[in-house]
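Just below is one structure, and these are the notes that go with it.
The values are calculated or read from the model by the stated rules, or taken from the named source; none is laboratory data. Computed from a prediction, not measured in an experiment: that's the story for all the values here. FYI the Cβ positions are ideal-geometry reconstructions off the backbone, even for glycines, and counts take in every protein chain you see. Protein only, heavy atoms only, side chains kept; ligands, DNA and RNA dropped before computing areas. Shrake-Rupley method; radii C 1.70, N 1.55, O 1.52, S 1.80 Å.
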Amino acid sequence: MMFDDHESRVTSVAFSADGTQIASGDERGYIRVWDNEGTLVVGPIRAYPRPVTALTISPSGRTILSGSDRGEMKLWWRDGELRAATLSAHKGALRTMAYSPDGTIFATGGDDGLVRLWGADGTPRTGALSGHQAWVRALDFSADSMRLASAGDDGAVRLWTIKGEALGEPMRGHNGSASSVVFSDDDNTITSG
């Protein structure tokens, strides 16, 4: 299936948990939301004057989060209305974001090497989680929404509690960047690449 409404390069995409919505962002700062048949249902929304670098959709499908190459974050209602004021999340680009499966919190990671935890309304939950020595590229929550894994350009994968505490030492094994990370459905295994 081809989604061809963007007038510039697509820089970020996200699926809703139920697979009925796809959000896409482009290098000109526009966001579009599609149904799973490829029909444009929302947008284009002018989110930023620069590239959209990260997107995610809440588990309920009611909220879309977007990030920019200047570390800004916006929360949108699924109809394209801005839900909260623009938040300064990171210094440098915001590279990745993920919702917890229960939808109560989300996490962001960026060029500053930090991970941040937020309430569903965009309120900071903890201070910045530091430990990566380079860009944070990927985030994933455990199925029980109690742990967060982060992967970065420093080649490390780190585990955190949702209270912002590091769990153990960083896992290393990549010769270069760790650009993806995912928990298994039973939360017993973490895979990174």
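Report Lys74's accessible area, 1.4 Å probe, all protein chains in place, as a number in Å² to the nearest 10.
Taking all protein chains as shown, Lys74 has close to 30 Å².
If amide hydrogens are placed 1.01 Å from N in the peptide plane, which non-local residues have theirs closer than 5 Å to the one on Arg147?
Result for Arg147 returns Ser142.
Shape verdict for segment 1-84, please, from the Cα gyration tensor: rounded (a/c under 1.5), prolate (a/b greater than b/c) or oblate.
The shape class here is oblate.
How much accessible area per residue does segment 94-140 have, counting only protein heavy atoms and a probe of 1.4 Å, in square angstrom?
Result: 36 Å² of accessible area for each residue.
Please work out the C-alpha center-to-center distance from segment 113-144 to segment 15-93 and express it in whole Å.
Taking the Cα centre of each part, segment 113-144 and segment 15-93 sit 18 Å apart.
About its Cα centre, what dipole magnitude does the chain give when the only charges are +1 on Lys and Arg Cβ and -1 on Asp and Glu Cβ, stated in debye to the nearest 20?
Here the size comes out at about 620 debye.
With the full set of protein chains in place, find how many percent of the accessible area of segment 89-175 is carbon and sulfur; take the probe as 1.4 Å.
48
If packing is taken as the mean number of other Cβ atoms within 10 Å per residue, what is the order of 34-40, 123-129, 61-67, highest first?
Most protected by this proxy first, the peptides run 61-67, 123-129, 34-40.
Which whole-number value in Å² is the accessible area per residue of segment 1-87, probe 1.4 Å?
Dividing the accessible area of segment 1-87 by its residue count gives 50 Å².
In the set [x] 1.00; [y] 0.95; [z] 1.06, which value of Rg/Rh (Cα atoms, Kirkwood Rh) was calculated from the structure you see?
Label [y] holds the value from this structure.
Within the set of other residues whose C-beta is less than 13 Å from the C-beta of Thr161, count the net charge using Lys and Arg as +1 and Asp and Glu as -1.
The answer is +2.
Search the structure for amide H atoms under 5 Å from the amide H of Val41, placed 1.01 Å from N in the peptide plane, and list their residues when 5 or more places away or on another chain.
Those lying under 5 Å, H to H, from Val41 are Val33, Trp34, Asp35.
Considering only Ser150, Ser60, Ser16, give the residue with the highest GNM mean-square fluctuation for the chain, with springs between Cα atoms whenever their separation is below 10 Å.
It is Ser60.
Would you kindly derive the ³J(HN,Hα) couplings of segment 45-61 from the backbone phi angles with the Karplus curve 6.51 cos²θ - 1.76 cosθ + 1.60 (θ = phi - 60°), listing them in order in whole Hz, with x for Gly and Pro?
9, 7, 8, 8, x, 9, x, 7, 9, 7, 9, 7, 10, 4, x, 6, x
Using a cut-off of under 16 Å, list every residue of segment 93-131 whose amide N is near the label point 7 Å from the Cα of Ala166 along the Cα-to-beta-carbon line.
Only 113-116, 127-131 fall inside the zone, counting backbone N under 16 Å.
Place +1 on the Cβ of every Lys and Arg and -1 on the Cβ of every Asp and Glu in the chain, take the dipole about the Cα centre, and give the residue among Ala138, Gly122, Leu65 whose Cα lies farthest towards its positive end.
Gly122
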